[in-house]
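Notes to accompany the following structure.
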Ligand code: COA
């Protein structure tokens, strides 16, 4: 994974970096001295980077990664806890301050990929699980050590964990606070692919570029529909599914897609 990344913009005193290459937006958690532990300022910066990439029409997919080669994100910055998360009331306030950013990622309109090398723990798992796809290196490790710290992990994080790995693995991980390696993470469905360290970035970019070359509305339709599949039936927004389905099937891109197939050429999609 390239460590020195040319960021277009940085936030949170350089601890969140944002760059764009070939239609692929990249956000780097850049606090390697603390294994990319997330401070509240980093959450805010992360939200700003997500918003800018969301609003940039040139960006079709976003990769999240950690700097330094040792961690994706090692969780919330525990050094802030004594001041900002020392009891239930402070904890609620703390959660509120990062809630908007988590919601932004949960409802992100573009595909997101977590590119994970090294430790992915606690709040880092929350970020990774909110991404659409997780690609990890062989040397990555995963865990939610909430029980080792005495923290109640929130509903949304656990819902995502249960939906990925099932309730029994969720219980094993939560009760023990154990760390698992990439092979186990792959086996239980926590990550989609495991790649040797030296190839992680190239493979992740290849997936991102493949996504960025496909029809944006078709991807949006898949993203919206899968999100509704995951909701309780009573809370599903089937109008959203129909609306994006209609937009997709009436789109210039669908015409381009079928013409390009017939003419044996690569389609040029424009997202409309
Ligand atoms: N918050 C604050 N600081 C953290 C941190 C976190 N979540 N994770 C790591 N750090 C800091 C360490 O305190 C250490 O700081 P120091 O150099 O000033 O002593 C530095 O990052 C390097 O960590 P270290 O433990 O020496 O590195 P390691 O490679 O041996 O282990 C971890 C890395 C991530 C396994 C280990 O630091 C750890 O368990 N961190 C806590 C993870 C956690 O509980 N996350 C959930 C929070 S809700």
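Values quoted throughout were computed directly from the atomic coordinates according to the rules given, and no laboratory measurement underlies them. If you're wondering where the values come from, they're calculated on a predicted model, not measured in any experiment. Ideal geometry is used to build each Cβ from the backbone, glycine not excepted, and the neighbour counts take in all protein chains shown.
Do the conditions hold for residue 168, that is, is it without any contact (Cβ under 8 Å) to a residue 12 or more places away in the chain and either closer than 21 Å to residue 106 by Cβ or outside any loop (DSSP other than H, G, I, E, B) (or both)? Outline the logic, then answer.
Working: without any contact (Cβ under 8 Å) to a residue 12 or more places away in the chain: yes; either closer than 21 Å to residue 106 by Cβ or outside any loop (DSSP other than H, G, I, E, B) (or both): yes.
Taking the combined requirement at face value, the residue satisfies it.
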Completion exercise
With criteria (1) touching a residue at least 60 places away in the same chain (Cβ under 8 Å); (2) within 26 Å of residue 230 (Cβ to Cβ), residue 55 comes up short on (1)
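Quick one: which residue in 208, 222 is in contact with a strand residue (DSSP E or B) (Cβ under 7 Å, 6 or more places away or on another chain) and assigned to a helix (DSSP H, G or I)?
On the way: 222 fails: in contact with a strand residue (DSSP E or B) (Cβ under 7 Å, 6 or more places away or on another chain).
208 is the lone residue from the list that is in contact with a strand residue (DSSP E or B) (Cβ under 7 Å, 6 or more places away or on another chain) and assigned to a helix (DSSP H, G or I).
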Exercise for the section: Filter region 241-272 for residues that are in a helix (DSSP H, G or I), under 27 Å from the mean Cα position of the chain (by Cα) and farther than 16 Å from residue 110 by Cβ and give the result. Expected result: 241, 242, 243, 245
Exercise for the section: Among what's in region 124-136 and is in a strand (DSSP E or B) and either within 16 Å of the ligand (Cβ to nearest atom) or without any contact (Cβ under 8 Å) to a residue 60 or more places away in the chain (or both), pick the residue that is farthest from residue 33 (Cα to Cα). Expected result: 134
Handout entry: Positions within region 146-172 being within 20 Å of the chain's Cα centre (by Cα) and within 13 Å of the ligand (Cβ to nearest atom), in sequence order
Key = 153, 154, 157
Exercise for the section: Could you tell me which numbered condition residue 160 fails, if it satisfies all but one of (1) in contact with a strand residue (DSSP E or B) (Cβ under 8 Å, 6 or more places away or on another chain); (2) within 18 Å of residue 50 (Cβ to Cβ)? Expected result: (1)
Problem - Residues (within 16 Å of the ligand (Cβ to nearest atom) and out of contact with any helix residue (DSSP H, G or I) (no Cβ under 8 Å at 6 or more places or on another chain)) located in region 173-204 - result: 179, 181, 182, 185, 197
Practice task
Mind listing whichever residues of region 102-123 are within 16 Å of the ligand (Cβ to nearest atom) and either at negative phi or in a helix (DSSP H, G or I) (or both)?
Solution key: 102, 116, 117, 119, 120, 121, 123
